[in-house]
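**Q** Just passing along the structure, written as structure tokens.
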Amino acid sequence: MTSTSRASWWRRPWIVPLMLVVAAFLAFSVPPYLTLDPAQSRLKPPEGNDLYYPLLVAHVLFGTVAMATACFQVWPAFRARHRVGHRITGRIYVYAGALPAGVLGLYIGWHTVAGPSVLVANLVGSALWLLVTIVGLRKALQRRYDEHRRWMSRSFALAMSIALSRVINIPAMIVLTPQVDTAFGGNEELMRNTATSIGVWLSPLLLLLLTDWILERRKPRAPRTAPSPADFGTPAVARL
């Protein structure tokens with residue numbers, strides 16, 4: 001590896017931690033669904049809905065593809081040096097990851113047993129993920145690559161929101177557990193659903209805000225031009 005390669009690598013020191021976090025999350029979350037045993041599901045299937053669990057497994061697998069390939073999509077060095085690889089992983093992300101996972105997420109969200117707040121959050125999150133991904137794909141097809149990267153960055157943020165929601169659930173559970181007998185009338189399931197709701201609402205919101213803040217910081221600033229001497233001597237009415 002040349003010194004130039006090393007320099008460009010260290011200018012993006014977040015890529016390795018990102019990949020490690022994604023790998024750890026997938027290693028923890030995915031294996032129970034590979035057994036195809038509904039009893040191992042981390043989400044409780046609704047009573048009498050035999051279609052829910054197979055579609056949930058498909059949603060998890062498509063989401064796994066999306067999270068894995070998204071890491072390569074936001075890796076600047078990979079994008080710059082491996083254009084063909086970037087296009088291939090991009091197509092995999094869209095057609096074998098985000099789009100099918102998002103569509104299935106609408107069904108999974110609609111049939112959740114975690115309460116109406118989680119239901120709405122899942123539907124909104126899945127719809128937004130589909131929307132920003134389709135817009136990003138359209139920008140690429142139009143060869144408007146700067147806009148494409150901005151929209152796909154938002155798609156990446158929504159793809160990763162599931163991992164952040166699990167992290168947010170931990171402090172939410174810690175804060176809400178002592179209130180089971182007061183705020184929740186002794187209903188532990190309601191408390192858990194509320195903690196889950198906090199995670200699924202906050203995680204996409206925080207990641208989208210962070211993404212747009214980063215995008216604005218990286219946006220090239222227009223050069224400031226000095227006013228023409230004629231501007232100082234021309235009456236305001238004449239300049240209108």
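Each value in this text was obtained by applying a stated rule to the coordinates, not by laboratory testing. Predicted model, so just to flag it, every value in this text is computed and none were measured. All Cβ positions, glycine included, derive from the backbone under ideal geometry; neighbour counts span all protein chains shown.
**Q** Rg to Rh ratio, segment 23-74, alpha-carbon atoms and Kirkwood radius?
**A** 1.04
**Q** Just order 124-132, 154-162 by mean Cβ neighbour count inside 10 Å, highest at the front, would you?
**A** 154-162, 124-132
**Q** Put a dot 7 Å past each Cα toward the Cβ at MET173 and LEU26; how far apart are the dots in nm?
**A** Reported label-point gap for LEU26 and MET173 is 2.4 nm.
**Q** Just report the Cα centroid separation between segment 157-191 and segment 133-154, whole Å.
**A** The two parts, judged by their Cα centres, are 35 Å apart.
**Q** If you build a Gaussian network model of the chain, linking Cα atoms that sit under 10 Å apart, which residue out of ALA27, ALA163, ALA140 swings the most?
**A** Among ALA27, ALA163, ALA140, the largest GNM mean-square fluctuation belongs to ALA27.
**Q** Give, to the nearest whole percent, the P(r) tail of segment 161-218 beyond 20 angstrom, counting all Cα pairs.
**A** 37
**Q** Next question. Can you tell me the Rg and Dmax of segment 1-141, counting just the alpha carbons, in angstroms?
**A** In order Rg, Dmax, the Cα atoms of segment 1-141 give 17.6, 61 Å.
**Q** Which entry in (1) 190; (2) 218; (3) 147 is this structure's computed volume of the Cα convex hull per residue in Å³?
**A** The value computed from this structure is option (2).
**Q** For segment 63-113, list log₁₀ I(q)/I(0) at each q in 0.28 Å⁻¹, using the Debye formula over Cα point scatterers of equal strength and ignoring solvent, two decimals each.
**A** The Debye formula, applied to the Cα set alone, gives -0.95.
**Q** I've got another one for you. Give the value in nm², to one decimal: projected area of the alpha carbon convex hull of segment 104-228, averaged over all directions.
**A** Reported value for the Cα convex hull: 11.2 nm².
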